[in-house]
Amino acid sequence: EPCPDIDAALKQWHDLISTVQLELKQEESTLSTILSESVAGIFRTYASLLSDQALLQKVELEVRNGNWLPGALRKSIQYFADLFQAMEDPYLRARHEDIHHLGNKLYTTLKGATSLLEATSQLEQIVLIGEEVSISDIATIAAEKLVGIICFSGSSMSHTAVLANALGVPAVMGVGTLKNLRNHERFIVDGNSGQIVRYPNDMLITEFQRLIDEEKQLLSKLSALRDEPALTPDGHEIRLFTNSGLLADLSPGLRHGAQGIGLYRTEIPFLVRDSFPSEEEQVAVYQQVFNAYQGKPVYMRTLDIGGDKQLPYFPITNEDNPALGWRGIRFTLDNIQLLMTQVRAMLRAAGTGGNLHILLPMISATEELNSFNELLSEALQQLQQEGIAVIRPRVGVMVEVPAAISQLPFWSNRIDFISIGSNDLSQYLLALDRNNSRVASRYDHLHPAVIHELDRVVKIAREYNLPLSLCGEMATDPLAVI
Ligand code: PEP
Ligand code: MG
């Protein structure tokens, strides 16, 4: 539909942004009373998407081209969502849902639809069901009433799933469209198996109620163990860390007693923007991480883009073999200013109290390590000259390129620790792309060749006294943990 009055529509668009920004603030403060500051911080991600010049200008452009505001909004949201949707990395691809959620929120506010809070005020227990359920929806309804979330599309990597997890509400994502939904219909939402049951009979409900009670008991037993050291019966200590990349998922790790962050993927703060974040912006994000973990070790990885992780504003294309291409440390060393900015930001954010460990992705050659260490010295010197108190962090490498394994002895005087990136290590050892559906079923991090190489790394780490950890998905597989 063409726009009848462009100036009025532009004003309406700017007003809409202010209104929604205010609503997001309110939702954030509602949730921060029941959740930690870091989870409520998801709302700041939305707010930063909203204050992003790229979105603002795209909608303005559409309106100026004669599109009416709802149409301009829909087109612009679709445009940005598509950019993320096209990414291969599931973690990054899931960000397209955030853009859609924000779009829905803008749209419903524009239309002045009745609030979810009013619509649900009479209900005692609520299962939120939708094509996508947004974090705003979750924040709007009374937390004690929310017992389940079902999304027709959406992934377990979305902010919705992260928030549901933090709230302890079972959520099942990507079930496909449910037809003939009625109000007051009963559901079983089994977040453990990722399944839902429609029209459950009484027997099934009793059985699931029993499971819920059992799980509650188990969790309370486990939470009593939370602060106990993780020791095997024969006295080995196993250190349990968490992985993170969103400010929002800082909290579950803390709640379950993580001893630190084993891998903080810095790609995410780079992704929710329309250009590389400035040093100040990065300092602000990293500082929240150190604040949340209060002196516990945080292993921050330098930017690991390329391959299946693409930045919308800096696509690395025209590569026949992206997995073997310009990625990880190879990319950042060729963009030295970018790396310098990031390292300075990490050092500044950690100050003298943050327990910073810098983790280098995709290392395969000694020169890479040397170049990085030179850059680090330079960054430390710069900051000291600027009068900023910083300390030299520990530096370690990810073992994910198989070539790194045989080189570890030669690097032992240059590094402080090793972290095994089992995802890429398995992919490169087996020459198997697990994002390729034709071969994905053959991908196996328990392949004897992988286990053999892990054993080799363990032996080298022992011999050279290098602390060793594992930060790939393998650590979430109970069989692999053993
Ligand atoms: C890995 O490769 O195992 C890893 C942890 O890094 P990412 O999954 O981010 O590539
Ligand atoms: Mg990797």
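The values are calculated or read from the model by the stated rules, or taken from the named source; none is laboratory data. If you're wondering where the values come from, they're calculated on a predicted model, not measured in any experiment. In this analysis, Cβ positions are derived from the backbone assuming ideal geometry, glycine residues included, and neighbour counts consider all displayed protein chains.
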For ASN423, state whether it is of a type in the set (S, T, N, Q) and either in contact with a His (Cβ under 7 Å, 6 or more places away or on another chain) or within 11 Å of ligand 1 (Cβ to nearest atom) (or both). yes
Flag for GLU400 being within 16 Å of ligand 1 (Cβ to nearest atom) and surrounded by 14 or more Cβ atoms within 10 Å (Cβ to Cβ): yes
Of the listed residues (LEU359, LEU369), the one being within 15 Å of ligand 1 (Cβ to nearest atom), surrounded by 19 or more Cβ atoms within 10 Å (Cβ to Cβ) and touching a residue at least 12 places away in the same chain (Cβ under 8 Å) is LEU359
Number of the exception - ALA94 against (1) modelled with pLDDT of 80 or more; (2) crowded, with 22+ Cβ neighbours inside 10 Å; (3) not basic (Lys, Arg): (1)
Looking across the stretch 395-409 at residues that are of a type in the set (A, V, I, L, M, F, W, C) and away from ligand 2 (no atom under 13 Å from the Cβ), the single one that is farthest from LYS459 (Cα to Cα) is VAL395
Output yes when any residue across the stretch 433-440 is more than 15 Å from ligand 1 (Cβ to nearest atom), within 30 Å of GLU374 (Cα to Cα) and basic (Lys, Arg), and no when none is. no
Could you give every pair whose Cβ atoms fall below 7 Å, whose first residue belongs to the stretch 441-461 and is among the β-branched types (Val, Ile, Thr), and whose second residue is surrounded by 11 or more Cβ atoms within 10 Å (Cβ to Cβ) and not in a helix (DSSP H, G or I), counting only separations of at least 6 or pairs across chains? VAL457/VAL399; VAL457/ILE418; VAL457/ILE420; VAL457/LEU468; VAL458/LEU468
Being within 14 Å of ligand 1 (Cβ to nearest atom), within 21 Å of the chain's Cα centre (by Cα) and of a type in the set (Phe, Trp, Tyr) is the filter here; which residues of the stretch 292-348 pass it? TYR299
Considering only residues that are within 16 Å of ligand 2 (Cβ to nearest atom) and either aliphatic (A, V, I, L, M) or under 24 Å from ALA230 (Cβ atoms) (or both), which ones fall in the stretch 436-482? HIS445, VAL450, LEU454, VAL457, SER469, LEU470, CYS471, GLY472, GLU473, MET474, ALA475, THR476
Among residues of the stretch 298-316 being over 16 Å from LEU360 (Cα atoms) and at pLDDT 80 or above, the residue nearest to ligand 2 (Cβ to nearest atom) is ILE316
